[in-house]
Amino acid sequence: MRLNEMFLSIQGETSTAGLPTIFVRFTGCNLRCTWCDTKYSYFEGDPITPLEVMDKIRNLKCKRVCLTGGEPLIQPRAEMQQLLDMLAAEGYEVSIETDGSIDISKYQLHDKQRFIVDMKPPSSGMSEKMHWENLRHIVPTRDEIKFVVGSREDYEWCVQLVREHDVDPAKGYQLVFSPVFRQVDLEEMVGWILADELDARFQVQLHKIVWDPDKRGV
């Protein structure tokens, strides 16, 4: 494994936004989204073992952990599974933020663990890289499907995906719509969601409001 950074902050996104969380950011990503805000994680980082990761997590004194990147699931699968197993054994609540291109069915999650699957719309430049079978493996009451929206075209693409793949909130699927920071009018986007009667969570990147948007380690 290669670790880019680890820090204690508040979660800025998804359904746990605002809650204290340990962020474990791994090095490397297999995608190159046009609006990526963590390009520094592509290459920066140092080798680390799952045991060493756990030691660092324990020292931060919080029972909520977010595994992110880059793309955390390009780390060696056996080592990532070992880390998930250890986190479960010690009662941590864990979210794995994955970019939608990696097969999530190869991982065994435990209680209090969930995937945040980020499906990439057209403005990302990575829509064709999605592993569509992931939508069959998402557990509706556990996992979340996240859409980062950079335009009205992106939004329409996301709504079409929800309908075509039947990931309907009425069936328990949890949808998160997040505008690209300073690229989409927030009021307009809320209007789109309400007009479509879409039972999805609208969220902004809270950490970019609390701190300088370019600040690292928050």
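Please treat every number below as a calculation from the coordinates, not as lab data. Predicted model only: the values in this text are computed from it and were never measured. Don't worry about glycine lacking a Cβ; one is built from the backbone with ideal geometry, like all the others, and counts go over all protein chains shown.
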I need every pair where a residue in the stretch 135-146 that is free of Cβ contacts under 8 Å to residues at least 12 places away in the same chain and of a type in the set (G, A, S) has its Cβ under 9 Å from the Cβ of a residue that is surrounded by 15 or more Cβ atoms within 10 Å (Cβ to Cβ) and part of a loop (DSSP other than H, G, I, E, B), sequence separation at least 6 or different chains.
none
Exactly one of (1) in a loop (DSSP other than H, G, I, E, B); (2) surrounded by 14 or more Cβ atoms within 10 Å (Cβ to Cβ); (3) out of contact with any His (no Cβ under 9 Å at 6 or more places or on another chain); (4) among the hydrophobic types (A, V, I, L, M, F, W, C) is unmet by V139. Its number?
(2)
Mind counting the residues in the stretch 103-120 that are assigned to a loop (DSSP other than H, G, I, E, B) and either buried (at least 22 other Cβ atoms within 10 Å of the Cβ) or out of contact with any helix residue (DSSP H, G or I) (no Cβ under 9 Å at 6 or more places or on another chain) (or both)?
1
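Residues are listed down the side, and each one gets a yes or a no for (1) of a type outside the set (S, T, N, Q); (2) farther than 24 Å from G18 by Cβ:
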site: E144; (1), (2): yes, no
site: E153; (1), (2): yes, yes
site: C158; (1), (2): yes, no
site: Q174; (1), (2): no, no
site: V204; (1), (2): yes, no
site: H207; (1), (2): yes, no
site: W211; (1), (2): yes, no
Enumeration of residues in the stretch 84-100 that are farther than 26 Å from V176 by Cα and either assigned to a helix (DSSP H, G or I) or aromatic (F, W, Y) (or both):
D85, M86, A89
Condition test on K39, is it surrounded by fewer than 17 Cβ atoms within 10 Å (Cβ to Cβ), out of contact with any Lys or Arg (no Cβ under 8 Å at 6 or more places or on another chain) and more than 30 Å from L161 (Cα to Cα)?
no
Quick check on this structure: which one of N30, N4, N59 is surrounded by fewer than 19 Cβ atoms within 10 Å (Cβ to Cβ) and touching a residue at least 60 places away in the same chain (Cβ under 8 Å)?
N30
